[in-house]
Structure formats: C-alpha cells, structure tokens
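Just so it is clear, none of the values below were taken in a lab; they were calculated from the coordinates. The structure displayed is predicted, hence computed values, not measured ones. As a convention, Cβ positions derive from the backbone with ideal geometry for all residues, glycine included, and neighbour counts pool all protein chains shown.
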Amino acid sequence: MKIIKNTIVDGQHGKPIVTDVFYKETHQPKKVVIFCHGYKGFKDWGPWNLLAETFANAGFFFIKFNFSHNGGTAENPIDFPDLEAFGNNNYSKELDDLGSVIDWISSEEKFKNEVNLEDISIIGHSRGGGIVLLKAAEDTRVKKVITLAAVSDFGKRSSTIGELDKWKKDGVKYVVNGRTKQNMPHYYQFYLDYITNKERLDIPKATKSLKIPQLIIHGDKDDAVFLNEGENLHNWNPKSEFKIIANANHVFNTSHPWLSTTLSKELEEVTKICIDFLK
C-alpha cells in the first residue's frame, strides 16, 4: 500500500491544508474518498489512519486532511500547536478547504492513473459531517456523501443569545480541551462569518436539495451529537440511508491515542457499511 503523509495543499485562506493519501498502486482508476475530521479533530486522530488503510485495502483512493485552521501546523499536524489559527477558523473556511482538496486531487498529475475523478465521495465526522453535506449540495463533482455522527444545524451551534453579548464585547470565548488541557479560543469572527454566510451554511436546506446518494450513520449512545440530529438529516432527505450503530458513542467507541491494531467493533461496522454503500 502507498501511504503519502503530510503533503501540503494550498488553500484559499493563507494556511496550508496538510493532506494524506492511502491507496494501492495499481495504475487503475479507483473511486476517490475524501474524509473530513470534526471539531477539535485532526486527520491523525485516534484510529483515522487505520480507517484510511481499511478503505485503501478495499480498493479506494482515500484522502484525509487537516482543515487549514484546525490548530495544527505543517510541522506538527497532530494536536493544536497553533491556537491562533484555531481561533480564526470558521465554517466557510472549512467548506473552502474541502473544495481546495477536491481541486487538488482533480489536477494532481502524479495520481492521474490512480483516481477516477468521475467517482468522488466525501465522508465527514461530527462537524465535518455538516461540512460534507454543504459541499455535496454545492459541488457537482461529489457523487456520494456519508456523515458519521454529524451535526444537523450550524445555527444552533454558533451561539446562545446570552453569551453573544459577552462574546462580542470580549472578542473571544474559550473552550477547554479536556484531553490537552488547552484553553482553545473562538474569536467573534466565527459568529460574524456564520451570520454573513447563513444561506451557504444552511444544512437543512442543503440536505433537502441533495440529488445524490446519502448515507447517515449515528451511534445510539452518542452524548455529544444526539441521535435526533441523524434523524433530522434522514427526515430532510427520506431517500437517504440511515444506519444506527448499537452501543456506539460519538467516536464509535474509539479514543486518542488509539494503540490497537484493529478498529473498535463499532467503527468496523461503520466502515463496512460505508464501503458497501460506496461500492
């Protein structure tokens, strides 16, 4: 298997998009799968490398990447050495970053015999799930879309009214990362960007407009993004496939770091459902 880590893709927002590809070198075009991490996530989180290998072994050309402002750097793509970038991230940047990755693979000469550009699918976890639904609705190059434990509405997450005045006054609010113990900033620009781009960031509208196959996967023990958000997505597009994973939490019973050489039982089930759907 060919694994090429930490390739720099140029985005629209002045920071590198650090990208990995996993594939079997067959000089035959393969279905392309692009994976988007979630909030406080990164491409090397937990079992995501193992997930990538599983897809590559199943015959896919698998791409995963760090959003340009996720808080990682080109030198250190794991965790959050660049909190300033994290604070300046927003949904629009993530949506543009995904577009840049699609542009990159569509024009990258060295992979041209390995990729089938008529068959690009996108997968997103958690907040990344919202991003892939929006991208699938606005980019005709995307042929299938899969969400894992996805959020169904960015508006509800952008702010509560009480804290909005304080956020505006202070210019920043902080969220503690339970694992790294960092105080992670969110600058007020995040809210302003959402308000400015409300139409483009409307997940319900995007989901209702989808004309391509959609798969929704959610754990029934998810306490970060509740199961009803998956139900919402399915209700907005009744043609979608909806799979509930028994006893699975928000990360399908995995963690970071993930030291096992195999996926959790729940994530293995998720991966199998995804591969069947994409094939």
Exactly which GluC sites (Glu not before Pro) in segment 54-119 are in a DSSP loop and have at most 13 other Cβ atoms within 10 Å? GLU75
Which listed residue (LEU117, VAL151, SER100) has the Cα farthest towards the positive end of the charge dipole for segment 96-156, taking +1 on Lys and Arg C-beta and -1 on Asp and Glu C-beta about the Cα centre? VAL151
Based on DSSP, what percent of beta bridges with both residues in the chain are antiparallel, to the nearest 5? 35
So how strong a dipole does segment 2-130 carry about its Cα centre when Lys and Arg Cβ are +1 and Asp and Glu Cβ are -1, to the nearest 20 debye? 300
Using alpha carbons only, how many degrees (0 to 90, rounded to 10) separate the axis of helix 161-170 from the longest principal axis of the chain? 80
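About the Cα centre, and with charges only on the beta carbon of Lys, Arg (+1) and Asp, Glu (-1), how big is the dipole of the chain? Nearest 20 debye, please.
I would put it at about 280 debye.
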Taking the number of other C-beta atoms within 10 Å as the exposure measure, put LYS135, LYS2 in order starting with the fewest. LYS2, LYS135
Compute a Gaussian network model of the chain, connecting alpha carbons closer than 10 Å, and tell me which residue from LEU210, LEU233, LEU164 fluctuates the most. LEU164
antiparallel share of DSSP beta bridges within segment 1-82, to nearest 5, in %, is 70
Selection of trypsin sites (Lys or Arg not before Pro), segment 186-259, meeting DSSP coil and at most 11 other Cβ within 10 Å: LYS211, LYS239
Please name whichever of ILE275, ALA246, GLY130 sits farthest to the positive end of the charge dipole of the chain, dipole taken about the Cα centre and charges placed at Cβ: Lys and Arg +1, Asp and Glu -1. ALA246
Neighbouring Cβ atoms within 10 Å as the yardstick, rank CYS36, CYS274 fewest first. CYS274, CYS36
Extension gain from LYS239 to ASP276, taking 0.36 nm per residue of separation minus the Cα-Cα distance: 11.6 nm
Calculate the dipole size of segment 159-279 relative to its Cα centre from +1 charges on Lys and Arg beta carbons and -1 charges on Asp and Glu beta carbons; express the result in debye to the nearest 20. 320
Signed unit charges on C-beta, dipole axis of segment 22-80, positive-most listed residue PHE65, PHE80, VAL32: VAL32
GLY71's amide H: which non-local residues (gap 5+, or another chain) put their own amide H closer than 5 Å, with H modeled 1.01 Å from N in plane and none for Pro or chain starts? PHE86
Would segment 216-279 count as rounded, prolate or oblate if I go by the C-alpha gyration tensor, calling it rounded below 1.5 in a/c and otherwise prolate when a/b exceeds b/c, oblate otherwise? oblate
Computed ³J(HN,Hα) along segment 115-126: with the Karplus parameters 6.51/-1.76/1.60, θ = phi - 60°, integer Hz and x for glycine or proline, the list is 10, 9, 6, 7, 9, 9, 10, 10, 10, x, 9, 6
